[in-house]
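Structure, as structure tokens:
The values are calculated or read from the model by the stated rules, or taken from the named source; none is laboratory data. All values reported here derive from a predicted model rather than from experimental measurement. For neighbour counting, all protein chains shown are included, and Cβ atoms are generated from backbone atoms with ideal geometry for every residue, glycine included.
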Amino acid sequence: MILRTVACLGLMAVTACATTPPTARILTKTVQVAVPVACKPAIGGAPAYPDTDAALKTATDVYQRVKLLVAGRLERIAREAELNAALGACEGGGV
């Protein structure tokens with residue numbers, strides 16, 4: 001009985017030495033992370049509006065002045081729409 005126990009212990013010792021420890025596996029994973037980016041829309045400079053003080057002073061009559069004021073108003077409305085569209089795109093609302 002003692003001989004059997006010693007033999008078993010010897011076999012277990014030899015078996016324990018024969019096994020190699022598990023190696024560490026290195027896994028590389030790609031993680032998608034949202035990164036906030038500053039919104040810088042290319043709007044451009046303000047246009048030269050036709051209803052400047054100088055243009056209104058040089059207008060010959062009321063009709064010419066009103067014509068200049070209406071043209072300036074229409075350009076300002078178009079510019080405001082362009083700025084609102086750029087602001088909506090930056091806020092994520094889209095247009």
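Among the residues of the stretch 38-95, those that are surrounded by fewer than 12 Cβ atoms within 10 Å (Cβ to Cβ) and among the small types (Gly, Ala, Ser) comprise 38, 42, 44, 45, 46, 48, 54, 78, 81, 92, 93, 94.
Across the stretch 1-36, which residue is nearest to residue 79 (Cα to Cα) among those that are assigned to a loop (DSSP other than H, G, I, E, B) and modelled with pLDDT under 80?
Among residues in the stretch 1-36 that are assigned to a loop (DSSP other than H, G, I, E, B) and modelled with pLDDT under 80, the one nearest to residue 79 (Cα to Cα) is 22.
For the stretch 51-81, how many residues meet the condition of being part of a helix (DSSP H, G or I) and either of a type in the set (Gly, Ala, Ser) or at pLDDT below 90 (or both)? Outline the logic, then answer.
Let us first name the residues in the stretch 51-81 that are part of a helix (DSSP H, G or I), namely 53-58, 62-81.
Of the ones still in play, those that are also either of a type in the set (Gly, Ala, Ser) or at pLDDT below 90 (or both) are 54-55, 71-72, 78, 81.
Qualifying residue count for the region: 6.
Residue count for the stretch 54-88 under the criterion of being more than 30 Å from the chain's Cα centre (by Cα) and either of a type outside the set (Val, Ile, Thr) or farther than 27 Å from residue 44 by Cα (or both): the result is 21.
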